[in-house]
Amino acid sequence: MKSCKSAATAAIAAIAVTLAASGCGGGSEGADAKPSGSGMSKQDGPRLPTYKVAKDVEIDSPVLKRAQAAGKLVVGAKNDQPFLGYEDADGNRSGFDIEIAKMIAADLGFSPEKIEFKTVDSNNREAAITNGEVDLYVGTYTINDERKKRVGFAGPYYMAGADLLVRKDDRSISGPYSLVGKTVCSVKGSTALKEIKSPEYNTKTVETAKYTECVEQLLDGKVDAVTTDDAILMGYAAQRPGELRVVGTPFTEEPYGVGMDRDDKALREAVSDAIEAHDENGDRKQAFDATLGRSGSNYGGTTLVERY
């Protein structure tokens, strides 16, 4: 086990730059984790799909009209989640969430170079949407009733579940009920953190801004486990298969949705249409296989888009 934080940080840096078979446009704000290198070439495994960009899109959506006037679609995303939402040292974005954003953007009339990805961490998502800092948010964003009071959702486009990441040689943790007296790390504002704080689990918690910080603490032996969605944890375990493992006993359901302005129903319907269309034509499954599927995560079949 590494005791040096710099070594742990360097280890976390080993992730798939080249998973991005197509580069994403736009810069990033607050991207404090810029690791690079995965050992996988662009030719390894399934290829990413390409998305036909719609022309002359007319939707009675205030948010879309603002984006069309600006000539770009601003998409909030994560930058430190391997195989989901990741940014390399050169500013290239890759992962399943990034592909979901690209396919939706294409249906709204925006090519990849017209997407501006903006890094927004979990604790700031609702504020970024309601303040108009982003047009859409695609970043392991669980749909729930509490969040629907502040933002709108289209989806889900994937179903995850909270799980635990532990050191590979630690066999004392087999699920959430084996965490008594142990210390668990998660990100502020995450649904997994809220769940694991329940008295029934009787565990101590550490809160950070990013999951990479939790993984560093796990590698350093400062915490006993990291909890968040299994899809996220599988990426970190895939980076360090000799040192980390996912327990594999999900204890919540986390339907991932696309966040947006709560009152923009026209945009919500258009994004829902896009998710369904790219499921029907196979894009969503192909994008999954070329990104998140490479971490060992299971697709789990088609998710039913909820309309409200």
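Probe radius 1.4 Å, ligands and nucleic acids ignored: give me the carbon and sulfur share of the accessible area of the chain as a rounded percent.
It is 47 percent, rounded to a whole number.
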Which whole-Hz couplings ³J(HN,Hα) result when phi for each residue of the range 192-201 is put into the Karplus expression 6.51 cos²θ - 1.76 cosθ + 1.60, θ = phi - 60°, listed in order with x for Gly and Pro? 5, 5, 4, 5, 6, 6, 4, x, 5, 8
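Between Arg150 and Glu306, what is the FRET efficiency for a Förster distance of 22 Å, r being their Cβ-Cβ separation, to the nearest 0.05?
Using R0 = 22 Å, I get an efficiency of 0.80.
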The range 63-194, accessible area per residue, ligands and nucleic acids excluded (1.4 Å, Å²): 32 Å²
Two decimals is fine: what is log10 I(q)/I(0) at q = 0.13, 0.14, 0.30 Å⁻¹ for the range 189-244, from a Debye sum with one equal scatterer on every Cα and no solvent? -0.32, -0.38, -1.39
Below 8 Å between Cα atoms, with a sequence gap of 6+, how large is the relative contact order for the range 172-308 in percent? 20 percent
Cα-based reach from Lys204 at 18 Å (exclusive), listing aspartates and glutamates while leaving out same-chain residues under 8 positions away: Asp163, Asp170, Glu195, Glu213, Glu216, Asp220, Asp224
Just tell me, in residue order, which DSSP H segments of the chain are both 27 angstrom or longer along the helix axis (alpha-carbon based) and at least 1.6 in mean Kyte-Doolittle hydropathy. none
Using the Karplus equation 6.51 cos²θ - 1.76 cosθ + 1.60 (θ = phi - 60°), what ³J(HN,Hα) coupling, rounded to whole Hz, does each residue of the range 150-159 give in order, writing x for Gly and Pro? 10, 9, x, 9, 10, x, x, 10, 6, 10
Please report Rg (one decimal) and Dmax (integer) in Å for the Cα set of the chain. 18.5, 59
Would you mind calculating the gained length between Lys65 and Asn131 on full extension (0.36 nm times residue separation, minus the Cα-Cα distance), in nm to one decimal? 22.1 nm
Restricting to DSSP H runs of at least four residues, report the calculated mean residue ellipticity at 222 nm for the chain, -39500 (n - 2.57) per run over all residues, nearest 500 deg cm²/dmol. -8000 deg cm²/dmol
Kindly flag which residue pairs out of Lys52/Lys72; Lys194/Lys285; Lys102/Lys149; Lys78/Lys148; Lys197/Lys222 have an alpha-carbon separation exceeding 24 Å in this structure. Lys194/Lys285; Lys102/Lys149
Find the relative contact order for the range 132-237 and round it to a whole percent, using C-alpha pairs within less than 8 Å whose residues are 6+ positions apart. 32 percent
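The values are calculated or read from the model by the stated rules, or taken from the named source; none is laboratory data. If you're wondering where the values come from, they're calculated on a predicted model, not measured in any experiment. When we count neighbours, we look across all protein chains shown, and the Cβ atoms used for this are built from the backbone with ideal geometry, even at glycine. Remember, those area values only see protein heavy atoms, side chains included, never the ligands or the DNA or RNA. Shrake-Rupley method; radii C 1.70, N 1.55, O 1.52, S 1.80 Å.
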